[in-house]
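Note sheet for the following structure.
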Amino acid sequence: MAKLKIYEYPHPILKQKAEKVAGVDDEMRKFLDDMLETMYASNGCGLAAPQVGVSKRVVVIDIAHEGEEPAPLYMVNPQIVWKSEETEICEEGCLSLPSLRAEVERHASVKVQYLDYNGNECELLAEDFLAVAMQHELDHLDGILYIDHVSRLKRQMLVKKLEKIRKEQGGNQI
C-alpha cells in the first residue's frame, strides 16, 4: 500500500465531476487500499478519489472511533437513491481544507447504492454521522466541497482563514 498525495483547495480537480468506474478489479482494489491508508494516515473519516488527484467515482469511509475496530466502507460508483426529509446540522471538516470546520445542513438519513470492494452491488441505509460522511464524500464526486453549502460570507471567511494558516506555515497561498 502507498500513501497518496491529498490535493487541497483550490486545486481544480476538486471542482470536477468524477467519471464512473467500469468495475472493480485488482487495480481498483489496490487503489481503494491506498486511499484507505491515506485517509487513516491523515486522521480522516472519509476520502474521495478526486481528493487524491483521480477523477473517478470512488470513496472510502470509516467512522469508527479511536479504540474501536476499524469498519471501512469501500464505495465504487456510489449514488444516493433516497434522502430523508429530516435534516440535521453537523460540524464538518475536510482533508482538502485542513484546519477548517463549519456547520453544514445535511439529510439525516440517506440510502446509497454502490459496488463494494469485491464488485458486489450493495445498498446501505445510513443515518446520523455516517449519513453526513456519505453525503460529504459523494459531494466530492460532483465537484462540491462542504464550503459550497455555507453562505458566501462564511465561505469567504473560511478561505481567508485557510490563507492565513498557510501563510503562517510558509505554504502556498490561495
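Descriptive notes on the structure:
- Close pairs (7 angstrom Cβ cut-off, 6 or more residues apart or separate chains): in contact (Cβ under 8 Å) with a residue 12 or more places away in the chain in the range 84-107, of a type in the set (S, T, N, Q) and outside any strand (DSSP E or B) anywhere: L95/S42; L95/Q51; S96/Q51; R106/Q135; H107/S84; H107/Q135
- For the range 87-95, the condition of being touching a Pro at 6+ places or on another chain (Cβ under 7 Å), among the polar types (S, T, N, Q) and under 21 Å from R155 (Cβ atoms) holds for none of the residues.
- Residue list for the range 46-94, restricted to those being open to solvent by 60 Å² or more (accessible area, probe 1.4 Å), of a type in the set (D, E, K, R) and outside any loop (DSSP other than H, G, I, E, B): K56, K83, E91
- Residue within the range 124-140 that is open to solvent by 80 Å² or more (accessible area, probe 1.4 Å) and free of Cβ contacts under 8 Å to residues at least 12 places away in the same chain present: no
- The number of residues in the range 92-118 being of a type in the set (F, W, Y) and under 15 Å from M134 (Cα atoms) comes to 1.
For (1) in contact (Cβ under 8 Å) with a residue 40 or more places away in the chain; (2) closer than 25 Å to G67 by Cα; (3) open to solvent by less than 30 Å² (accessible area, probe 1.4 Å), each residue gets a yes or a no:
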{"position": "K5", "(1), (2), (3)": "yes, no, no"}
{"position": "I13", "(1), (2), (3)": "yes, no, yes"}
{"position": "A18", "(1), (2), (3)": "yes, no, yes"}
{"position": "V21", "(1), (2), (3)": "yes, no, yes"}
{"position": "E27", "(1), (2), (3)": "no, no, no"}
{"position": "M35", "(1), (2), (3)": "no, yes, yes"}
{"position": "M39", "(1), (2), (3)": "yes, yes, yes"}
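- Some residue of the range 26-47 being among the small types (G, A, S), touching a Gly at 6+ places or on another chain (Cβ under 8 Å) and farther than 20 Å from Y146 by Cα: no
- Among the residues of the range 123-172, the ones that are more than 15 Å from L97 (Cβ to Cβ), in a loop (DSSP other than H, G, I, E, B) and either among the aliphatic types (A, V, I, L, M) or more than 20 Å from the chain's Cα centre (by Cα) (or both) come to 3 in all.
- Residues that are part of a strand (DSSP E or B), over 21 Å from M39 (Cα atoms) and of a type outside the set (S, T, Y), drawn from the range 95-111: E103, V104, E105, R106, H107, V110, K111
The values are calculated or read from the model by the stated rules, or taken from the named source; none is laboratory data. Keep in mind that what you see is a predicted model, and the values were worked out from it rather than measured. We place every Cβ from the backbone using ideal geometry, glycine too, and count neighbours over all the protein chains shown. In case anyone asks, the SASA skips ligands and DNA or RNA and just uses the protein heavy atoms, side chains included. Shrake-Rupley method; radii C 1.70, N 1.55, O 1.52, S 1.80 Å.
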